[in-house]
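**Q** Please see the structure below; I have some questions.
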Amino acid sequence: MALCLVTFGSAQTDGNQVQHGVVFYEDGKYGGWPANHGIWTWDNEILIGFVEASYYAENRGLHTYDISTSRNKYARSLDGGSTWKISDAYEAGQKAWGHDNYIPEKEAVRPVPMTKPIKDFTDPGFILTFLRHNNDDGPSHFYYSMDKGKSWEGAFEFPDLGISGIANRTDYIVDGKQSMTLFVTTAKSNRKEGRVALVRTTDGGLSWNLESWITPEHSGFDIMPSSLRLSDTELFTTIRTRTENGVDYISAYRSTDNGKTWKRLKDPTPYTGRGGSPPALTKLKDGRLALGYIFRSEYGSRVHVRFSKDNGETWGDEITLRCDDGANRDTGYPRITQNADGKIVMVYYWNNALTKEDKPYRYIAYTMFDPAQFN
């Protein structure tokens, strides 16, 4: 099913009630990689992290940005995702150097071990986010907030857990006041990305234990999980996977013993284009799972969603939400949520670089729609 629209600037809606709009764009700036951060929702308040940087020339490769200018930013919406306000992560307390958060040495703080536990993960204002030093063996550090990301505590060192290294994004499940299930991307034995493991804390983040490996080590990679708790004992995760031959797709695993062991399921989507896409997973109010992802292509990238009515055992047909607006493969990295009005909001980075009359900008975009139309 294809629902495509060329759009930039103010939000527009096509005949199938799929709305596209802009979260962040500035002339001369590059916006990227929401999936490397996190998305959090409180009714119609949504917070999303991303990277802002300045441009390189277009002939400098796929990611046309000056990495030395890259900084973490946040976008907050108070109306369910229609309008957004941008804030600076450093000013809010995220002051350690990290990959794509190039704080000058004289201004950067060093991550330190956590010495006092986080009091209550279940507090409505609590959120947690990770940064990494590289995409292979890290190390990683984290921050937490008790006021919905308006200010952050940290940076705190994340332990390597006795393995080859951890280069983590943000994928966690709060289980109790001081207990949390965390899905981490680790280095393989050759210190290259990656495998996915499950880690837990029961003491408010003071210590973390490696509970299980979700994926085996192979010559490709498994990275960037997006996960859900379906019951007290059932966990489900989707993972960005690449084969030895460079074929990218999304895999899925289920645990019915609270993460001790894992069973691989049928792949939710068998091919995500050149470079692949991390998954963006959420459970809807109607009980279905929604999986957002990007098909990346030099000849026009596309935004997709699939739905599952049986908690990820099987998936419906691929639904194309956006295409034909000249996006090269420097796109994607989505996050997904459902707002208080029941609409799905998917946030990702996008461009119109293949359209000659448009600037080759990179910006943070959103796609919003009512999932009821795809029952």
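**Q** Might you let me know whether segment 129-147 holds any residue that is in contact (Cβ under 8 Å) with a residue 40 or more places away in the chain and of a type in the set (K, R)?
**A** no
**Q** Taking the criterion of being over 20 Å from H37 (Cβ atoms) and of a type in the set (A, V, I, L, M, F, W, C), would at least one residue in segment 170-180 satisfy it?
**A** First pass over segment 170-180, keeping only residues over 20 Å from H37 (Cβ atoms): 175-179.
Going one step further and asking which of them are of a type in the set (A, V, I, L, M, F, W, C), we end up with none.
Looking through segment 170-180, none of the residues is over 20 Å from H37 (Cβ atoms) and of a type in the set (A, V, I, L, M, F, W, C).
**Q** Follow-up. Out of A340, A353, which single residue is open to solvent by 20 Å² or more (accessible area, probe 1.4 Å), at pLDDT 95 or above and either within 16 Å of I48 (Cβ to Cβ) or not in a strand (DSSP E or B) (or both)?
**A** A340
**Q** Within the set of pairs 6 or more residues apart or between chains, which connect a residue that is surrounded by 22 or more Cβ atoms within 10 Å (Cβ to Cβ) inside segment 211-223 to a residue that is in a loop (DSSP other than H, G, I, E, B) with Cβ atoms less than 7 Å apart?
**A** I214/W262; D222/T215
**Q** A further question on this structure: Which condition breaks for R254 when tested against (1) under 30 Å from D341 (Cα atoms); (2) assigned to a loop (DSSP other than H, G, I, E, B); (3) touching a residue at least 12 places away in the same chain (Cβ under 8 Å)?
**A** The single condition R254 does not satisfy is (2).
**Q** Across segment 356-375, what is the number of residues that are open to solvent by 10 Å² or more (accessible area, probe 1.4 Å), touching a residue at least 24 places away in the same chain (Cβ under 8 Å) and among the basic types (K, R)?
**A** 1
**Q** Same structure, new question: Is at least one residue of segment 75-97 open to solvent by less than 60 Å² (accessible area, probe 1.4 Å) and within 22 Å of E211 (Cα to Cα)?
**A** Scanning segment 75-97 turns up no residue that is open to solvent by less than 60 Å² (accessible area, probe 1.4 Å) and within 22 Å of E211 (Cα to Cα).
**Q** Could you check, for segment 177-189, whether at least one of its residues is farther than 30 Å from R76 by Cβ and open to solvent by 30 Å² or more (accessible area, probe 1.4 Å)?
**A** Start the filter on segment 177-189 by keeping residues that are farther than 30 Å from R76 by Cβ, which leaves 186-189.
Still in the list and also open to solvent by 30 Å² or more (accessible area, probe 1.4 Å): 189.
Yes.
**Q** Against the conditions (1) hydroxyl-bearing (S, T, Y); (2) under 30 Å from L354 (Cα atoms); (3) surrounded by 16 or more Cβ atoms within 10 Å (Cβ to Cβ), where does S308 fall short? Just the number, please.
**A** Among (1) hydroxyl-bearing (S, T, Y); (2) under 30 Å from L354 (Cα atoms); (3) surrounded by 16 or more Cβ atoms within 10 Å (Cβ to Cβ), the lone unmet condition for S308 is (2).
**Q** Also, quick follow-up: Out of all the residues in segment 23-41, is one or more farther than 19 Å from G275 by Cα, touching a Lys or Arg at 6+ places or on another chain (Cβ under 7 Å), at pLDDT 95 or above and among the aliphatic types (A, V, I, L, M)?
**A** yes
**Q** Tell me which residues, restricted to segment 122-167, are touching a Leu at 6+ places or on another chain (Cβ under 8 Å), of a type outside the set (G, A, S) and surrounded by 21 or more Cβ atoms within 10 Å (Cβ to Cβ).
**A** I127, H141, F142, Y143, listed by residue number.
**Q** Taking into account only those residues within segment 264-300 that are aromatic (F, W, Y) and modelled with pLDDT of 95 or more, which is nearest to F183 (Cα to Cα)?
**A** Filtering segment 264-300 down to residues aromatic (F, W, Y) leaves 271, 293, 295, 299.
Add one more test, that the residue is modelled with pLDDT of 95 or more, and what stays is 271, 293, 295.
Details: Y271: 23, Y293: 19, F295: 24 Å.
The selected residue is Y293.
The values are calculated or read from the model by the stated rules, or taken from the named source; none is laboratory data. Not measured: the values here are computed from a predicted model. For neighbour counting, all protein chains shown are included, and Cβ atoms are generated from backbone atoms with ideal geometry for every residue, glycine included. Keep in mind that these areas ignore ligands, DNA and RNA; they rest on the heavy atoms of the full protein, side chains included. Shrake-Rupley method; radii C 1.70, N 1.55, O 1.52, S 1.80 Å.
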